[in-house]
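Shown next, in structure tokens, is the structure this report addresses.
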Amino acid sequence: MNLNKEKNSHVYWNPYFGGFLLGILILFTFYMTGRGLGASGAMKSTVVTVVDAVAPTHAENNAYYSKFISEEKSPMNTWLVFETLGVLIGGFLSGGLSGRIGWRVQHSPKITSKRRLIYALAGGVLFGLGAQLARGCTSGAGLSGMAVLSTGGFITAFSIFGTGYIVAYFFRKNWI
Amino acid sequence: MFKNMLDKRYVFLTVVLLILGSGLLFLPKQKVNEGIDPTDLLMNINSSERFISTDQLADKIISNDPSFIVIDLRDEDSYKQYSILNAINIPFKNLMEEASINYLNQDQYDVVLYSNDHFIADQAWMLCNRLGYENLFVLDGGMNAWYKTIINPMKPTENMAMSAFNTYDFRKAASMYFGVGYPEPIFVEAKKPVTKRKAPKKVIPIKKKKKYESEGGC
Amino acid sequence: MKELEKTKRISISAILVILALIIGLLTMKTPEITYVNCKNKSLANLIEQPIFITLKQYKEIKDKTVIIDIRTAFDFSKGHLEEAINIPLTSLLEKSSIAIFDKAKTDSITAVLYGKSAMDANKASTFLRQIGYTNTKVIAIETSFDSYELTSKEISPETLLADIPSFIKKSNERKKVVIKKTIIKKPKPRKVIPIKKKKKYESEGGC
Amino acid sequence: MGPILPNGIIPSEWDSIIAIIIGMAFGFILESSGFSSSRKLAGVFYGYDFAVIKVFFTAAVIAVIGVYYMNYLGLINIQQLYVHPTYIWAAIIGGAIMGVGFVMGGFCPGTSLCAVAIGKIDAIVYVVGIMIGVLIFSEAFGLFEGIYDGESLGNITLVDTFGIEAEWVIFFFVLMAIVAFIVADFVRKRVKSIFY
């Protein structure tokens, strides 16, 4: 095995091993908390908190925000927000150990950074919208849903990947 | 050589996965019946919080308390003959039908169960408690106690405590509310029998795992 | 192919999982006390074999019964029925109690319960039937402890003692001032929105 | 027994601490599997890297098998687990929108957070995008409400949908995953490999 850091930074875990550990982690999460992992929930909490702070009356009148605002508890004080903090720490640790940390924009050599960032923003907007509509993202609805054989989880997961393959052709320049 | 090794490993892993996946098919089936932990059930059974007295029930009905429904567990004939005001008839034998469970397994209303005595009602309560249904109560004494205390209350004798007279007054007023007539005219103005009906209550069966719903995001 | 260098780990972890599973299966303990019937069967049992038997019925099957006193040990020590075994209501699930019920079940003997009130015995019997002891009955008596002697009084559970509608009718005829007659309408059935419930267990429960 | 926190076996104050620990493990696994790289993630749609499918399905299969074994062993009560509710149209349309977002942005929320942790600027932009998306959704909630709440089937599982026993569902799921892995490897060998 090459211990040179430069080369090591692109050696990732075997995907089956990663998947295996992730599966065990989901299992552990279900065992501890009775529900699965999630990621976009924290972002929703952040948005709700910001909107609530900037325009409280607006947030209260909005049918969607008001679902997540309660008097006694800040929307930031949820399980998912803490979990997301953990994700950031964990990612940083792993990246640090394999020397992958650094400010950069990753993109195909065929496109410019600017184009990559615009597409990232657009993709993020769509993903955020879709995740709210489907009540979860790939990890929350897909993975955790599939772990308990939830029909909705399966539909969401297959819908994501199915659409991905359908539209992949139109964005091929961005990636290959 | 390396590639061969790799393939062998993956074949091994595939076999492991298949064994794990199909293992559940071959494990002896466990017979699991729905219900809370039997120890908890025994504890709940021994607590008497589930009993509601006829006076309390009468008071609730008269004051038009919107937070409860009354369920008559007797058969249809007895129900038709006489039932507590606004009671819903669910014969004991139909207790576990879907339509009945919608009334029992919900968290909007307190549900008062009664039968002729409190035995059948209590059996129904225990079955429901085993299944984890909440907000259920048993009318202490059932219809017989209802008759003895509310419909035909016993007049206290002279040497009884003041509270007995108060109770009697309440019960007498209540019995008039439920249609009993008294020879003394003085009570007519006290409380006229009202037949005002409450709007039919909508029962929305409990949504399970509600507590997570607001956080469902992802 | 870079990512595939670390395959050894998965093989090891796969073997570990299998080991953990085997250990888990070998050390598995099935809970001793479970509900033997699903909800529908439990209900059917309560209806088909009513819990209460009269004193007369009891005397007929007396040879094949064991009497169980579910009052507290203190009450039991003050006086009890002949040959009664004391199992307080709160300790129904203790091993010694379960053993008694098990024995009665294998010998197809009816366990006849009685308590301070028929209500207590009713509770105990319903509970025991849930966990599999369908051979329990309750004698329809109320016991009380008067002047150092246990007395019991026969009751007839779940019978309506009075004809309420005719009582109400009569009372209205009796009174001098006629109150405007009120018509008691039958309440409309309340609306229920049925939802689809999870139907877990049903395939396994054998109901 | 479990789930431990809802059953109050350990006090709920531990909730946040456990959340952070689980999150750390989650982040570490995602990052180490290479999910902080958008090009690796996007590879799944172009056939040059199937890590996403492999990790995703392995995790789901392991988790589902594990949950049912733990249920069998009495360590966990499957009835108490949170089952993602099924709203057919919300799931299909939401999933489709997410699919487009995935191809365009090259991340999903969990992986983008990992990428943020190691300083990818595109991931930071992506996260900002997600928040804008949430904002748009919330502001225009009236528009989406019909889809969001439409065709609710409750918290159902495939067992209810297909009416077959859970063991068989799991078995078919495992078979499906294995087929997916084989197909993925087959395709990858035929696609021009790309270094990133």
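The values are calculated or read from the model by the stated rules, or taken from the named source; none is laboratory data. Computed from a predicted model, the values in this text were never measured in an experiment. Cβ: placed from backbone, ideal geometry, glycine included. Neighbour counts: every protein chain shown. The accessibility values were calculated without ligands, DNA or RNA, using every heavy atom of the protein model including side chains. Shrake-Rupley method; radii C 1.70, N 1.55, O 1.52, S 1.80 Å.
In this structure, is A:Ala147 buried (at least 24 other Cβ atoms within 10 Å of the Cβ), more than 18 Å from D:Ile147 (Cα to Cα) and facing chain D (nearest Cβ under 7 Å)? Step through it out loud before you land on a result.
Working: buried (at least 24 other Cβ atoms within 10 Å of the Cβ): yes; more than 18 Å from D:Ile147 (Cα to Cα): yes; facing chain D (nearest Cβ under 7 Å): yes.
For A:Ala147, the condition - buried (at least 24 other Cβ atoms within 10 Å of the Cβ), more than 18 Å from D:Ile147 (Cα to Cα) and facing chain D (nearest Cβ under 7 Å) - is met.
With the requirement that a residue be under 25 Å from D:Asn77 (Cα atoms), assigned to a helix (DSSP H, G or I) and aliphatic (A, V, I, L, M), what does segment C:27-59 give you? Please lay out each step first, then the result.
Step one: filter segment C:27-59 for residues under 25 Å from D:Asn77 (Cα atoms), giving C:27-43.
Right, trim to assigned to a helix (DSSP H, G or I) and you get C:39-43.
Across segment C:27-59, the qualifying residue is only C:Leu43.
List the pairs whose first member sits in segment D:118-137 and is more than 7 Å from chain A (Cβ to nearest Cβ) and part of a helix (DSSP H, G or I), whose second member is of a type in the set (A, V, I, L, M) and open to solvent by less than 10 Å² (accessible area, probe 1.4 Å), and whose Cβ atoms are under 8 Å apart, counting only residues at least 6 apart or on separate chains?
What qualifies is D:Ala123/A:Ala120; D:Ala123/D:Ala115.
Those residues that are more than 7 Å from every other protein chain (Cβ to nearest Cβ), touching a helix residue (DSSP H, G or I) at 6+ places or on another chain (Cβ under 8 Å) and not hydroxyl-bearing (Ser, Thr, Tyr), I need them from segment B:88-104; list them, please.
B:Asn89, B:Ile90, B:Pro91, B:Asn94, B:Leu104
Which of (1) crowded, with 16+ Cβ neighbours inside 10 Å; (2) within 14 Å of chain B (Cβ to nearest Cβ) is the odd one out, the single condition C:Glu48 does not satisfy?
Here C:Glu48 clears every test but (1).
With (1) touching a Gly at 6+ places or on another chain (Cβ under 9 Å); (2) over 18 Å from A:Lys44 (Cβ atoms); (3) within 7 Å of chain D (Cβ to nearest Cβ); (4) not small (Gly, Ala, Ser) as the list, and A:Phe158 as the residue in question, which single condition is left unmet?
Evaluating A:Phe158 over (1) touching a Gly at 6+ places or on another chain (Cβ under 9 Å); (2) over 18 Å from A:Lys44 (Cβ atoms); (3) within 7 Å of chain D (Cβ to nearest Cβ); (4) not small (Gly, Ala, Ser) leaves (3) as the failure.
Only one residue in D:Val128, D:Val183 is out of contact with any Ser or Thr (no Cβ under 9 Å at 6 or more places or on another chain), open to solvent by 60 Å² or more (accessible area, probe 1.4 Å) and over 22 Å from A:Cys137 (Cα atoms). Which one?
D:Val183
Kindly check whether there is at least one residue in segment A:164-172 that is open to solvent by less than 20 Å² (accessible area, probe 1.4 Å), within 7 Å of chain D (Cβ to nearest Cβ) and within 25 Å of D:Lys120 (Cα to Cα).
yes
Conditions: (1) farther than 23 Å from B:Pro28 by Cβ; (2) open to solvent by less than 10 Å² (accessible area, probe 1.4 Å). D:Val64 meets all but one. Number of the miss?
Failed condition: (1).
Quick one: in segment C:60-93, of everything that is touching an Asp or Glu at 6+ places or on another chain (Cβ under 9 Å) and in a helix (DSSP H, G or I), which residue is most open to solvent (accessible area, probe 1.4 Å)?
In this case the residue turns out to be C:Lys64.
Condition test on D:Phe45, is it open to solvent by 10 Å² or more (accessible area, probe 1.4 Å) and either touching a Lys or Arg at 6+ places or on another chain (Cβ under 6 Å) or at pLDDT 85 or above (or both)?
Yes.
I'd like the full set of residues that are more than 7 Å from chain A (Cβ to nearest Cβ) and not in a helix (DSSP H, G or I), limited to segment D:76-93.
Residue satisfying the conditions is D:Asn77 alone.
Against the conditions (1) within 24 Å of B:Tyr133 (Cα to Cα); (2) modelled with pLDDT under 85, where does B:Leu73 fall short? Just the number, please.
Here B:Leu73 clears every test but (2).
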